[in-house]
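To keep things clear, I will list the structure first and then write my remarks on it.
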């Protein structure tokens, strides 16, 4: 059995209610109580993978300060948030208006899964890189427990993969900051253990 423990990074700050995608933004890692609670849920001596974006790295580092123990730490750019191209920096309310006007609105995400914003990527493309990452981990020998510090998009993608959706869908999942989602892979099948704990 392979277990994938997905952690969404700490809350973003100073973004002025604007979309950021895979842009660099700061995060708040001051709540030690939340980090202690998170670490209690995570396995010891797992292999850790993280998005290279600073908010994911800072979340990992804050977790280690509260007692997280692990075997190895790796960064993987495939775990970054969706590149939303020209939409980055827009106010959320303005983006929602624009996506409705362009008929690419999604009730569960920043835009329709198929839409590729100028200078960016679609959620379907994000899903492909997450799928490649997961397949590589499954193909490795000796590694069974993985903790992944990442973002809302890749976590939703992992859930989409676990659900074996014929078409790529974001899904109406709640993925909060500093919350945990666990997905297992057993006998060539995916099982969702829990979401947003």
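The values are calculated or read from the model by the stated rules, or taken from the named source; none is laboratory data. For clarity, every value in this text was computed on a predicted model and none was experimentally measured. All Cβ positions, glycine included, derive from the backbone under ideal geometry; neighbour counts span all protein chains shown.
When you go through 117, 107, 154 one by one, which is the residue that is within 21 Å of residue 18 (Cβ to Cβ) and at pLDDT below 95? Steps first, answer last, please.
On the way: 117 fails: at pLDDT below 95; 154 fails: at pLDDT below 95.
So the residue among 117, 107, 154 that is within 21 Å of residue 18 (Cβ to Cβ) and at pLDDT below 95 is 107.
Does residue 191 meet the test of being exposed (fewer than 15 other Cβ atoms within 10 Å of the Cβ), over 19 Å from residue 51 (Cβ atoms) and in contact (Cβ under 8 Å) with a residue 24 or more places away in the chain? Quick ask: steps written out before the conclusion?
Details: exposed (fewer than 15 other Cβ atoms within 10 Å of the Cβ): yes; over 19 Å from residue 51 (Cβ atoms): yes; in contact (Cβ under 8 Å) with a residue 24 or more places away in the chain: yes.
Here the answer is yes, as residue 191 does meet what is asked.
Within 18 Å of residue 181 (Cα to Cα) and surrounded by fewer than 18 Cβ atoms within 10 Å (Cβ to Cβ): is that true of residue 54 in this structure?
No: the conditions fail for residue 54.
Does residue 83 satisfy being out of contact with any helix residue (DSSP H, G or I) (no Cβ under 7 Å at 6 or more places or on another chain) and crowded, with 17+ Cβ neighbours inside 10 Å?
yes
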